[in-house]
Amino acid sequence: MSLAFFLLGATVFAQDAAGSWKGNLAVQGTEMPLIFNVIETDGNYSSTMDSPSQGATDIPMDETSVSENELTIIYKQAGIKYVGKIDGEKMEGTFYQGEMELPLLLEKTIKTIPGNPSLVSSDEELNKMAAMDSGNYRYSVEDYFAKPKASTFRFSPDGKYMSYREKDDNGKRHIYVKEIATGNITRAIEEKEELVRGYGWVNNERMVYLMDNGGDENYHVFAVNLDGSGLKDLTPFEGVQAQFSDLLKDDKDHIIVQMNKNNPQVFEPYKVNVVNGELKQLYSNEDASNPISDYNFDKEGNLKAFTRIRDGVEQDIYYATEEGKFELFKSLNWKDAFGILQFNYATPNPHDAYMVTNLESDKSEIVLYDLKEDKQIKKIFSNDKYDVSDISTSRKRNWELDYFQYEGEKQVIVPVSDYFKKLHTRIEKQFEGKQYNIADFTDDESSYLIYVSSDKVYGVYYSYDVNKDEFKELYNLMPQLKEQDMAEMRPITFKSRDGITLHGYITIPKAALSGQKVPVIVNPHGGPQGIRDSWGFNPEAQLFASRGYATLQVNFRISGGYGKEFLESGFKQIGRKAMDDVEDGLQYVIDQGWVDKNKAAIYGGSHGGYAVLRGLTKTPDLYACGVDYVGVSNIFTFMKTIPPYWKPYLKIIKEIWYDEDIAEEKAIMEEVSPVYQIDRIEKPLFVVQGANDPRVNIDESDQIVSALRSKGYDVPYMVKYDEGHGFAKEENSIALYKAMMGFYAIHLGQQEIEPPLKD
């Protein structure tokens, strides 16, 4: 009888435990909603966790168990544990993470997912569209977007080991360590459900890496030994974004990270012990209305300077002439550049620093500066056409200045030291016609990792043994793509309709070089401010070229790298003159005879996605079709749903975009917000969105799809519920580009373009 009662009780309880449970976690004065979704199958339990405020859904938990009326959920990766007692529709319990123990009351709820799932196209519909890309092509979508089998090679500081990512049969990209002397290989970091977003060596025995949940961008910093042991979450805080700040070469046990742990809107620096996880806060960013936006540390990890945003648009730079005593050093507008690249350790004066500045010039230049005396010592590098901002010095050779680097039409390296002039000449001779980067080198500078690429070569890693003067190919990231089959990316320069000199690139299929006018995909970049397109291998453009489409990329006004006047000429011009520049670029390539003016598509992500929607409403006759990827459709709602850590910069965002509190600008916002001009969209549109996107909320895509569907338009809509601002997972990227190529095959191929109305 007792056994029967026990079984009956278990069955009743299983029904009570299963389902979605929602509550609010109070963390330092902030209410953060959490949902546990408990699933019961044949007496076994599993669960997932949603963090709606962070845009994360269906995070799989490691352990879920039920004992009598008590539910226990464990998420090892984040150091989370929840234990609660069920009482009908309520559950009272404790949420544990790190040193925190917080009460958490949960109530039964109905599980929801971001956005309106009824709008999303079915897999069957999207696969049917993808199948239209049915030509006999030499290369498949997978050839361009399957992540390389191996990548991201790094030396240990002493050069005894080399680490790298390697993809397994399930598409997971684990990080391995190879002992160079013996060839022995160990898996140090295992990639499970979540992606490893970046990694690096701290010292000869230990590495660190970044990981978030479902694309929510709340990164945790983990540390692990090179043999995979000693795994530690160094930032075990739910709903907190951690960022690498400084890897301290002179302190092998510590790194500096920044976190918005105490206030979601601001970041503060911490020195973290990479072995035991001990945290020491280095400075408090207490004024969220006037937050510190940048911290500068010396090589020992001492905070020497910081920049505070004041009144949303001004920046005050504070410098410590004595340790820990920070005084206001310089007040500037946020548009001005005056930042520390690195301190000049080659001089006995601890206040000498290499600075990047545009205070006395339009283009950013590099100067040597005495911070204590507030005096420029000398200008050391500049270019009259482009911003410059990169230098490299040698720690081994008493911080000798080795080279400058900047981006013009292509990447440019300018050697300075005799040592690097010799090395640069040797590398240039070896890889003539390509561009290279020093990916890594050993502390003793005896071995270099060199990354070589071009517009037709995705990338090849080489090692260079200085003593033997010997190059050795380590890994070709995409050996399946043959250089001779790839299309040329050509820099272009032209005038805008109002006389501004503009730059960009066109990737040209071979048919266009032989005189045939080909379809073109206009691809405005994201950002938009301070971002630019660059010369080099572009998998998207090469895929498009393989199908016979040219790709046009315009560095329109507001793009970075061309000086502050060019950058600022695009402020308050998003969707207006910035779009004019894109249109003028299209007219330029039409005039060259490369492309068919009647077969121009527009495609982009983030601001580029906005540009797609704006292009289809601003100039509806110009484009044959468009693909909007995580794009803004409504500037009003976009600004209301930005992540909390963007809010201190809202005034700056309004100076770049528009301010609805100014009547004239509010009218412009309505004019350039595509959702208000929906009646002007006449051409086919494909919309793509990551459900957990913290920057461009899924509502931006839902709005445009819903509005067009209400007019009877057939709008394919792809949503991935395990992605954020852009797709990071290989299988999702491949699905996206297959569907996109099917969409282009329908609307840029040989068939006549038809109105996108449903039957």
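The values are calculated or read from the model by the stated rules, or taken from the named source; none is laboratory data. None of these values were measured; they are calculated from a predicted model. Positions of Cβ are backbone-derived with ideal geometry, glycine not excepted, and every protein chain shown enters the neighbour counts. SASA here: full protein model, heavy atoms, side chains in, ligands and nucleic acids out. Shrake-Rupley method; radii C 1.70, N 1.55, O 1.52, S 1.80 Å.
Being at pLDDT 85 or above, open to solvent by 20 Å² or more (accessible area, probe 1.4 Å), farther than 14 Å from Phe686 by Cβ and small (Gly, Ala, Ser) narrows it down to one of Gly712, Gly724, so name that one.
Numbers: Gly724 fails: open to solvent by 20 Å² or more (accessible area, probe 1.4 Å).
Being at pLDDT 85 or above, open to solvent by 20 Å² or more (accessible area, probe 1.4 Å), farther than 14 Å from Phe686 by Cβ and small (Gly, Ala, Ser) holds for just one of Gly712, Gly724, which is Gly712.
Got a number for residues in segment 311-335 being in contact (Cβ under 8 Å) with a residue 40 or more places away in the chain and under 20 Å from Pro648 (Cα atoms)?
Within segment 311-335, the first condition is being in contact (Cβ under 8 Å) with a residue 40 or more places away in the chain, and the residues that meet it are 311-313, 319, 321, 329-330, 334-335.
Imposing the further condition that a residue be under 20 Å from Pro648 (Cα atoms) reduces the set to 311-313, 334-335.
Matching residues across segment 311-335 total 5.
What residue, among those in segment 363-391 that are among the aliphatic types (A, V, I, L, M) and either free of Cβ contacts under 8 Å to residues at least 12 places away in the same chain or under 30 Å from Lys325 (Cβ atoms) (or both), is surrounded by the most Cβ atoms within 10 Å (Cβ to Cβ)?
Initially, segment 363-391 is screened for residues among the aliphatic types (A, V, I, L, M), giving 366-368, 371, 377, 380, 388, 391.
Pick out the ones that are also either free of Cβ contacts under 8 Å to residues at least 12 places away in the same chain or under 30 Å from Lys325 (Cβ atoms) (or both) and you get 366-368, 371, 377, 380, 391.
On the way: Ile366: 21, Val367: 21, Leu368: 16, Leu371: 23, Ile377: 16, Ile380: 16, Ile391: 19.
It comes out as Leu371.
How many residues are touching a Gly at 6+ places or on another chain (Cβ under 8 Å), open to solvent by 20 Å² or more (accessible area, probe 1.4 Å) and closer than 17 Å to Tyr75 by Cβ if we restrict to segment 229-246?
Qualifying residue count, segment 229-246: 4.
Quick check on my filter: what residues within segment 280-306 are within 16 Å of Leu371 (Cα to Cα) and either assigned to a loop (DSSP other than H, G, I, E, B) or touching a Leu at 6+ places or on another chain (Cβ under 9 Å) (or both)?
Tyr295, Asn296, Phe297, Asp298, Asn302, Leu303, Lys304, Ala305
Out of all the residues in segment 116-126, which are open to solvent by 40 Å² or more (accessible area, probe 1.4 Å) and either of a type in the set (Asp, Glu) or in contact (Cβ under 8 Å) with a residue 24 or more places away in the chain (or both)?
Result: Asn116, Pro117, Asp123, Glu124, Glu125.
Among the residues of segment 53-62, are any in contact with a helix residue (DSSP H, G or I) (Cβ under 9 Å, 6 or more places away or on another chain), under 25 Å from Ala735 (Cβ atoms) and surrounded by 15 or more Cβ atoms within 10 Å (Cβ to Cβ)?
yes
Determine if segment 259-270 includes at least one residue that is within 20 Å of Gly230 (Cβ to Cβ) and among the charged types (D, E, K, R).
Checked against the condition, which is being within 20 Å of Gly230 (Cβ to Cβ) and among the charged types (D, E, K, R), segment 259-270 yields no hits at all.
Regarding segment 150-168, can at least one residue be identified that is open to solvent by 50 Å² or more (accessible area, probe 1.4 Å) and under 22 Å from the mean Cα position of the chain (by Cα)?
Yes: segment 150-168 contains one or more residues that are open to solvent by 50 Å² or more (accessible area, probe 1.4 Å) and under 22 Å from the mean Cα position of the chain (by Cα).
Which one of Lys111, Lys81 is charged (D, E, K, R), within 23 Å of Ile39 (Cα to Cα), modelled with pLDDT under 90 and surrounded by 12 or more Cβ atoms within 10 Å (Cβ to Cβ)?
Residue meeting the stated conditions: Lys111.
If you scan segment 315-374, which residues turn out to be assigned to a strand (DSSP E or B) and out of contact with any strand residue (DSSP E or B) (no Cβ under 9 Å at 6 or more places or on another chain)?
Residues of segment 315-374 that are assigned to a strand (DSSP E or B), as a first pass: 315-322, 325-333, 338-343, 352-357, 365-370.
Within segment 315-374, Glu322, Lys325 meet the criteria.
Enumerate the strands (runs of 3 or more DSSP E) found wholly within segment 147-188, keeping only those where 2 or more residues are touching a strand residue (DSSP E or B) at 6+ places or on another chain (Cβ under 9 Å) and polar (S, T, N, Q).
150-155
Restricting to segment 563-584, give me the number of residues that are buried (at least 22 other Cβ atoms within 10 Å of the Cβ) and at positive phi.
1
Which of the numbered conditions does Asp216 fail, given that it passes all the others? Conditions: (1) among the acidic types (Asp, Glu); (2) open to solvent by less than 50 Å² (accessible area, probe 1.4 Å); (3) at pLDDT 85 or above.
That leaves (3) as the condition not met.
Give the residue that is surrounded by the fewest Cβ atoms within 10 Å (Cβ to Cβ), with candidates limited to residues of segment 543-556 that are under 21 Å from the mean Cα position of the chain (by Cα) and of a type outside the set (A, V, I, L, M, F, W, C).
Asn555
Tell me the residue from Gly604, Gly527 that is under 21 Å from the mean Cα position of the chain (by Cα), among the small types (Gly, Ala, Ser) and at pLDDT below 95, please.
Gly527 is the lone residue from the list that is under 21 Å from the mean Cα position of the chain (by Cα), among the small types (Gly, Ala, Ser) and at pLDDT below 95.
Take Lys666 and decide whether it is over 26 Å from Gly548 (Cα atoms) and free of Cβ contacts under 8 Å to residues at least 12 places away in the same chain.
Yes, satisfied.
Hey, could you check segment 380-416 for residues that are closer than 19 Å to Glu565 by Cβ and in contact with a Gly (Cβ under 9 Å, 6 or more places away or on another chain) and say which is modelled with the lowest pLDDT?
The qualifying residue modelled with the lowest pLDDT is Ser389.
Of the residues in segment 173-213, how many are among the small types (Gly, Ala, Ser) and surrounded by 20 or more Cβ atoms within 10 Å (Cβ to Cβ)?
Total meeting the criteria: 1.
For segment 25-42, enumerate the residues that are open to solvent by 50 Å² or more (accessible area, probe 1.4 Å), modelled with pLDDT of 80 or more and not hydrophobic (A, V, I, L, M, F, W, C).
Listed by number, the residues that qualify are Glu40, Thr41, Asp42.
Against the condition without any contact (Cβ under 8 Å) to a residue 24 or more places away in the chain and acidic (Asp, Glu), how does Asp591 come out, does it pass?
On the way: without any contact (Cβ under 8 Å) to a residue 24 or more places away in the chain: yes; acidic (Asp, Glu): yes.
Answer is yes for this residue.
Take Tyr419 and decide whether it is hydroxyl-bearing (Ser, Thr, Tyr) and closer than 24 Å to Pro157 by Cα. If you could, list the steps in order and put the result at the bottom.
Details: hydroxyl-bearing (Ser, Thr, Tyr): yes; closer than 24 Å to Pro157 by Cα: yes.
So Tyr419 fits the description; yes.
Regarding Ser229, is this residue at pLDDT 90 or above, more than 26 Å from Lys81 (Cα to Cα) and among the small types (Gly, Ala, Ser)?
no
Would you kindly identify the strands (runs of 3 or more DSSP E) lying entirely within segment 585-704 that contain at least 3 residues that are open to solvent by 10 Å² or more (accessible area, probe 1.4 Å)?
Counting at least 3 such residues, we get 595-605.
Do we have Leu226 as open to solvent by 50 Å² or more (accessible area, probe 1.4 Å) and aliphatic (A, V, I, L, M) here?
no
Out of the residues in segment 470-500 meeting the condition of being open to solvent by 70 Å² or more (accessible area, probe 1.4 Å) and of a type in the set (Asp, Glu), tell me which one is nearest to Trp594 (Cα to Cα).
Within segment 470-500, the match that is nearest to Trp594 (Cα to Cα) is Glu483.
I need the full set of residues from segment 392-404 which are open to solvent by 30 Å² or more (accessible area, probe 1.4 Å) and either within 25 Å of His503 (Cα to Cα) or out of contact with any strand residue (DSSP E or B) (no Cβ under 8 Å at 6 or more places or on another chain) (or both), in order please.
Arg395, Lys396, Arg397, Asn398
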